[in-house]
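The values are calculated or read from the model by the stated rules, or taken from the named source; none is laboratory data. Please read all numbers here as calculations on a predicted model, not as lab measurements. For neighbour counting, all protein chains shown are included, and Cβ atoms are generated from backbone atoms with ideal geometry for every residue, glycine included. Heads up: the accessible areas ignore ligands, DNA and RNA and are worked out on the full protein's heavy atoms, side chains in. Shrake-Rupley method; radii C 1.70, N 1.55, O 1.52, S 1.80 Å.
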Amino acid sequence: MNFESTHSVRTNARETTERLARRRLNSTIRSIRERVTFSFEFFPPGNEAGERRLAKTYDVLTALSPDFTSITYGAGGSNREKSLHTVSALKARSKCEVAAHLTCIGSSRADIDAAIDGFIEIGIDHFVALRGDIPRDAGPDTLISSAFTRADQLVEVIRRRGDFNISVATYPEKHPESANLAQDITALKAKQDAGANRAITQFFFDTDKFLRFRDAAVTAGIRIPIIPGILPVHNYAGTARFAAGCGANIPSWVHELFNGLDDSPEVRAMVATTVATEQCARLIEHGTEHLHFYTLNQHDLASGICQILGLGSNQPTHNDDCTTRITGKSSG
């Protein structure tokens, strides 16, 4: 990207950010803080550096007073202990509610019960119940060894254990394994009937598709809230890989916006913040009352989006020592 085009993108991004900030002054945006809640998703870190990054990110984002945070979990319990450790550490780090993801594919009933027991033991009462992705190298034994192969079956088991808060997943552009959207809505209805409290969508960029999906779901009898999942673009190539794997469409205008910005992190961050903020503002204007952010364990974009929209308490971070890890141990 040459200087002129980079300067143009930078200028347009700043102008849009300033315009969005000014929008906060009108009566609609001014009331967002009172009527719109939000949440953040994180994943268990893989090393000590990742633990320090997550600790900093978690402190910054929970200082905004989200409704809850959630921690992912590997299919077949592949990182069960890591997830349990991370959930426990983050729950102790903040007063914010922590939701534990739980998958069922590749897990026996005993494994699932043990995982639920472990989370209950540390005080978790909010689960994100998922089928989980079938591993690429999985053979027929994976499904045979699975006590359950559908998320609604897992929801039913959790619901029988107590009056827990249960979130589930849904796909506004259809799951890659589904024949059509109607099949996805049928699956969502089964999760609702099993006891789910809300559905969180896979990330998307085409807001119109989400709105049509939500309307169709309501018409089909879905009564639980359908929460849009928002993925700020930290790295476009990585986002494109995620999208290809989960069936999320990336419109050509998004590709054009990020094309050539790999070596311009400042401009890329401005563009990413602007795109996600515009998307959130439009969703709110169409009745969305909760936003779920996929953070990728990074705080800069998510906190910037919340700042522009007027979301959060804007309080100082809970822990000013950025060298601490999620274990609470100093890096020194």
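Out of LYS209, LYS191, LYS174, I need the residue that is open to solvent by 20 Å² or more (accessible area, probe 1.4 Å) and touching a strand residue (DSSP E or B) at 6+ places or on another chain (Cβ under 9 Å). Which one? Lay out the reasoning, then the answer.
On the way: LYS209 fails: touching a strand residue (DSSP E or B) at 6+ places or on another chain (Cβ under 9 Å); LYS174 fails: touching a strand residue (DSSP E or B) at 6+ places or on another chain (Cβ under 9 Å).
Just one listed residue meets the conditions, LYS191.
Which members of the range 46-71 meet the condition of being farther than 16 Å from ILE230 by Cβ and open to solvent by 10 Å² or more (accessible area, probe 1.4 Å)?
Across the range 46-71, the qualifying residues are GLY46, ASN47, GLU48, ALA49, GLU51, ARG52, ARG53, LYS56, VAL60, SER65.
Test ALA199 against the stated conditions and say whether it is crowded, with 20+ Cβ neighbours inside 10 Å, of a type in the set (A, V, I, L, M) and not in a strand (DSSP E or B). Walk me through it before giving the result.
Values: crowded, with 20+ Cβ neighbours inside 10 Å: yes; of a type in the set (A, V, I, L, M): yes; not in a strand (DSSP E or B): no.
When the stated conditions are applied, ALA199 does not pass them.
State which residue is nearest to the chain's Cα centre (by Cα) when the search covers only the range 29-43 and only residues that are at pLDDT below 70 and farther than 15 Å from SER303 by Cα. Quick ask: steps written out before the conclusion?
Pass one, the range 29-43, residues at pLDDT below 70: 29-33.
Among the residues that remain, those that are also farther than 15 Å from SER303 by Cα are: 29-32.
Numbers: ILE29: 23, ARG30: 25, SER31: 24, ILE32: 20 Å.
Here the answer is ILE32.
Out of the residues in the range 116-136 meeting the condition of being free of Cβ contacts under 8 Å to residues at least 40 places away in the same chain and touching a strand residue (DSSP E or B) at 6+ places or on another chain (Cβ under 7 Å), tell me which one is surrounded by the most Cβ atoms within 10 Å (Cβ to Cβ). Can you show your working first?
Residues of the range 116-136 free of Cβ contacts under 8 Å to residues at least 40 places away in the same chain: 117-119, 121-124, 131, 136.
Filter again for touching a strand residue (DSSP E or B) at 6+ places or on another chain (Cβ under 7 Å), leaving 119, 124, 131.
Values: PHE119: 27, ILE124: 22, ARG131: 23.
Going through the qualifying residues, I end up with PHE119.
Please specify each residue of the range 37-62 satisfying the condition of being among the hydrophobic types (A, V, I, L, M, F, W, C) and outside any loop (DSSP other than H, G, I, E, B). Break it down stepwise before answering.
Taking the range 37-62 first, the residues among the hydrophobic types (A, V, I, L, M, F, W, C) are 38, 40, 42-43, 49, 54-55, 60-61.
Within the range 37-62, PHE38, PHE40, PHE42, ALA49, LEU54, ALA55, VAL60, LEU61 qualify.
Among the residues of the range 286-297, is any buried (at least 18 other Cβ atoms within 10 Å of the Cβ), within 21 Å of ASP206 (Cα to Cα), of a type in the set (Gly, Ala, Ser) and modelled with pLDDT of 90 or more?
No, because not a single residue in the range 286-297 is buried (at least 18 other Cβ atoms within 10 Å of the Cβ), within 21 Å of ASP206 (Cα to Cα), of a type in the set (Gly, Ala, Ser) and modelled with pLDDT of 90 or more.
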